[in-house]
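Notes to accompany the following structure.
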Amino acid sequence: MLWFFMPYAQDKKLFHAIDRCFSLVTDPKDWVVLLDGDTAFLRNDFGHVIQRAIDAFPDTGLFTCYASRCHYNCQVPTGTDINSDSILYHKNVADHVSVIGQNKVLDLNCRIAGHLMVIQKKTWSSIRNEVFAKAANKFILGVDTKICYAILEAGLTIRLIQELYIFHYLRLAEGFDFDGHLKT
């Protein structure tokens, strides 16, 4: 089963918000999809795409996907205009990626941005304490990095679902360097 969550922490302690999401899932075989609050799926088959990737690569530690904006080039399709504010432009990119990336994943095995993270409950249970030790007192930024490092240190794989593209606002109007959201 797939569970979808958009963790939010009023105190900005994102680890605790993520951990609360996982605490709602009791079956260790279930998978949890964690999304940033400024993301949107642009195709209605997103759940099927994620499930196909899980079925094809069940040994994966963490899945992610392409996004319209990201700090890491490996998570943005080549040639994508990250500064386009046209939702229709990004819908067309999502449709294109859906065709050319169908049933494909890319092994990244490096730190990724956490705009979308898909992790099995049993994997979270196995890395939770390590992530807690390193991220429990962090505020928003860096929690996804700690999760990635724990996944990799556990000998698991981080894969990008090449068929899935989401819109990620990521300070489109404010600019990448804007940090006002971290202060409020």
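Evaluated against (1) more than 22 Å from Leu152 (Cα to Cα); (2) part of a helix (DSSP H, G or I), Val25 falls short on exactly one condition, (2). Take the conditions within 17 Å of Asp38 (Cα to Cα), in a loop (DSSP other than H, G, I, E, B), small (Gly, Ala, Ser) and out of contact with any Leu (no Cβ under 7 Å at 6 or more places or on another chain) and apply them to Gly155. Does it pass? Taking the combined requirement at face value, the residue does not satisfy it.
Residues that are in a helix (DSSP H, G or I) and surrounded by fewer than 20 Cβ atoms within 10 Å (Cβ to Cβ) within region 62-108 comprise Asn73, Cys74, Ile87, Leu88, Tyr89, Lys91, Asn92, Asp95, His96, Ser98, Val99, Ile100, listed in sequence order.
In the condition set (1) in contact with a helix residue (DSSP H, G or I) (Cβ under 8 Å, 6 or more places away or on another chain); (2) closer than 18 Å to Ile158 by Cα; (3) surrounded by fewer than 18 Cβ atoms within 10 Å (Cβ to Cβ), Asp59 is compliant with all but (1). Examine region 5-28 for a residue that is of a type outside the set (Phe, Trp, Tyr) and under 24 Å from Lys104 (Cβ atoms), and state whether such a residue exists. Within region 5-28, none of the residues are of a type outside the set (Phe, Trp, Tyr) and under 24 Å from Lys104 (Cβ atoms). Residues in region 109-135 that are more than 28 Å from Thr80 (Cα to Cα), surrounded by 15 or more Cβ atoms within 10 Å (Cβ to Cβ) and aliphatic (A, V, I, L, M): Ile127, Val131, Ala135. Identify all residues within region 37-54 that are buried (at least 19 other Cβ atoms within 10 Å of the Cβ) and either of a type in the set (D, E, K, R) or part of a loop (DSSP other than H, G, I, E, B) (or both); write none if there are none. Selection gives Leu42 alone. Taken over region 76-94, the residue count meeting the criterion of being within 23 Å of Ile112 (Cβ to Cβ) and either of a type in the set (Gly, Ala, Ser) or touching an Asp or Glu at 6+ places or on another chain (Cβ under 7 Å) (or both) is 3.
Suppose the filter is surrounded by 15 or more Cβ atoms within 10 Å (Cβ to Cβ), out of contact with any Leu (no Cβ under 9 Å at 6 or more places or on another chain), of a type in the set (A, V, I, L, M, F, W, C) and under 17 Å from Leu172 (Cα atoms); does Val25 pass it?
Working: surrounded by 15 or more Cβ atoms within 10 Å (Cβ to Cβ): yes; out of contact with any Leu (no Cβ under 9 Å at 6 or more places or on another chain): yes; of a type in the set (A, V, I, L, M, F, W, C): yes; under 17 Å from Leu172 (Cα atoms): no.
No: the conditions fail for Val25.
Taken over region 136-168, the residue count meeting the criterion of being surrounded by fewer than 23 Cβ atoms within 10 Å (Cβ to Cβ), of a type in the set (D, E, K, R) and touching a residue at least 60 places away in the same chain (Cβ under 8 Å) is 2.
Computed from the coordinates by the stated procedures, all read-outs in this text should not be read as laboratory data. Everything numeric here is computed off the predicted structure, so don't read it as measured data. Here Cβ is always computed from backbone atoms with ideal geometry, including for glycine, and neighbour counts include all displayed protein chains.
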